[in-house]
């Protein structure tokens, strides 16, 4: 679900600057000096990176992080440079059939973050859903704490910060916190890099129950790990990357480098990071070790984060202000999203229904209800096992996609002006989502069946740029797993296969299609939710 919750958290962080002690640390002269130094280093490092990495593509070093650092630096980066990265990354993804790694899911997070930074859609890169991989909690968490950390950053950066899986990632990170408040990739000793990255990942979710406490304890440990000269040692190596991660973490919370907790013997984090700076040549990993591309990319991310905070801009990984990638570098997949599709933002942050606790589709129902896509009943119930009319399902899809144009409704004699469903039917027909049960009848009050819902869902998916139509062989292969596939109407077979193939219809543990069965309200919510998730 695109563009969900980031603006709300940005507002919270902006408000927090008024009360955080760090906000009042800078005197005007000191602030101006720091700002000037940061601006100079950002410009120098951005120009260096563009020269050192003339053809960035997918890769941990000299690739995606370089793009993130440059795109968020505030330095003017040529459009052609960013487009070329998108094209190379897309070619790589297409050639690998969307598979970046089978064990290291942070690769998907890294690429998704880079795509969000340049204003591209990580849900459709060459027709492949890179961000969608992170909905697989087990595969992502199998990597260790790195998986959930970067998954949280990627999901919030792309505007999917309220996906149900987010809560599981937060719980996973919380379970890895040591008694002293720190985190580590391996072993039993808190590591500043991992501790700082955990803070950054959790920063967008600070208002969730228990998260602020996790962050505060981690900050205390990070402060305790800082050396007397303002730096950090990670796994016995005093290095710049640890300092960079600490700066990003503090800035993600709106805490400046002037926070007295992180000034040691007069040395700020920026003072320490500057010790690794080689003007015109990048940053060192260790002092005296020569320029390191990884250290340089992380340092530019840190400096960009600091500069953005100083200038009152969105945090480094809050991509809500990222300019859209030019049109000639997007929409290259099987289908491009219709320009009128716009998923509504959250309208209600605290919502609950009395009869869905523990229900299989509880998360999907709540996610849609927060955006006004579906509603409950006055008594506080949702009635998940209730039926759905054709008009109600059309209304859900229209609201979910933000559609607002229509045409030709006079064809339907049973959709009178003034009816509650008139506008929804009008828009659904105008965008080709509904066709009617006959040439002039829509049957708005008729209960919708699974195969009818699949037809509408496939048409909605086409508007969202989801996937490509399946050929006859693929349709047979998908449907043959169900014992009653021959009962599917010929006009719905391709659409049902499409919906199962792209995860719009849930095939887990299903042995029957039940095409003529009326769908339940919970199923309708799941279908619409899965369309948005696949965008």
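The values are calculated or read from the model by the stated rules, or taken from the named source; none is laboratory data. Predicted, not measured: the structure shown is a model, and the values here were computed from it. Neighbour counts are summed over all protein chains in view; Cβ atoms, including those assigned to glycine, are modelled from backbone coordinates with ideal geometry.
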Go through the range 468-501 and give me each residue that's under 29 Å from residue 131 (Cβ atoms), touching a helix residue (DSSP H, G or I) at 6+ places or on another chain (Cβ under 7 Å) and not in a helix (DSSP H, G or I).
469, 470
With the checklist (1) more than 22 Å from the chain's Cα centre (by Cα); (2) not in a helix (DSSP H, G or I) in hand, flag the one item residue 221 doesn't pass.
(2)
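Per-residue answers, yes or no, for (1) closer than 30 Å to residue 350 by Cα; (2) at pLDDT below 95:
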position: 187; (1), (2): no, yes
position: 193; (1), (2): no, yes
position: 200; (1), (2): yes, no
position: 205; (1), (2): yes, yes
position: 214; (1), (2): yes, no
position: 219; (1), (2): yes, no
position: 222; (1), (2): no, no
position: 231; (1), (2): no, yes
position: 237; (1), (2): no, yes
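Would you check if residue 394 is exposed (fewer than 13 other Cβ atoms within 10 Å of the Cβ), in contact (Cβ under 8 Å) with a residue 24 or more places away in the chain and either assigned by TED's automatic domain parsing to the domain that holds residue 475 or not in a loop (DSSP other than H, G, I, E, B) (or both)? Steps first, please.
On the way: exposed (fewer than 13 other Cβ atoms within 10 Å of the Cβ): no; in contact (Cβ under 8 Å) with a residue 24 or more places away in the chain: yes; either assigned by TED's automatic domain parsing to the domain that holds residue 475 or not in a loop (DSSP other than H, G, I, E, B) (or both): yes.
When the stated conditions are applied, residue 394 does not pass them.
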Restricting attention to the range 56-69, does a residue exist that is in contact with a helix residue (DSSP H, G or I) (Cβ under 8 Å, 6 or more places away or on another chain) and more than 24 Å from residue 128 (Cβ to Cβ)?
yes
Test for residue 300: is it at pLDDT 90 or above and in contact with a helix residue (DSSP H, G or I) (Cβ under 7 Å, 6 or more places away or on another chain):
yes
List, please: which pairs have Cβ atoms under 7 Å, are six or more places apart or on different chains, and start with a residue in the range 162-175 that is not assigned by TED's automatic domain parsing to the domain that holds residue 148 and end with one that is part of a helix (DSSP H, G or I)?
none
Do we have residue 179 as over 13 Å from residue 249 (Cβ atoms), in a loop (DSSP other than H, G, I, E, B) and assigned by TED's automatic domain parsing to the domain that holds residue 108 here?
yes
Positions within the range 148-165 being buried (at least 23 other Cβ atoms within 10 Å of the Cβ) and in a helix (DSSP H, G or I), in sequence order:
148, 149, 150, 151, 152, 153, 154, 155, 156, 157
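Closer than 25 Å to residue 341 by Cα, surrounded by fewer than 20 Cβ atoms within 10 Å (Cβ to Cβ) and either in the same structural domain as residue 237 (by TED's automatic domain parsing) or modelled with pLDDT under 95 (or both), is that true of residue 119?
It is true that residue 119 is closer than 25 Å to residue 341 by Cα, surrounded by fewer than 20 Cβ atoms within 10 Å (Cβ to Cβ) and either in the same structural domain as residue 237 (by TED's automatic domain parsing) or modelled with pLDDT under 95 (or both).
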Just checking, how many residues over the range 502-526 are over 19 Å from residue 388 (Cβ atoms), without any contact (Cβ under 8 Å) to a residue 40 or more places away in the chain and in contact with a helix residue (DSSP H, G or I) (Cβ under 8 Å, 6 or more places away or on another chain)?
2
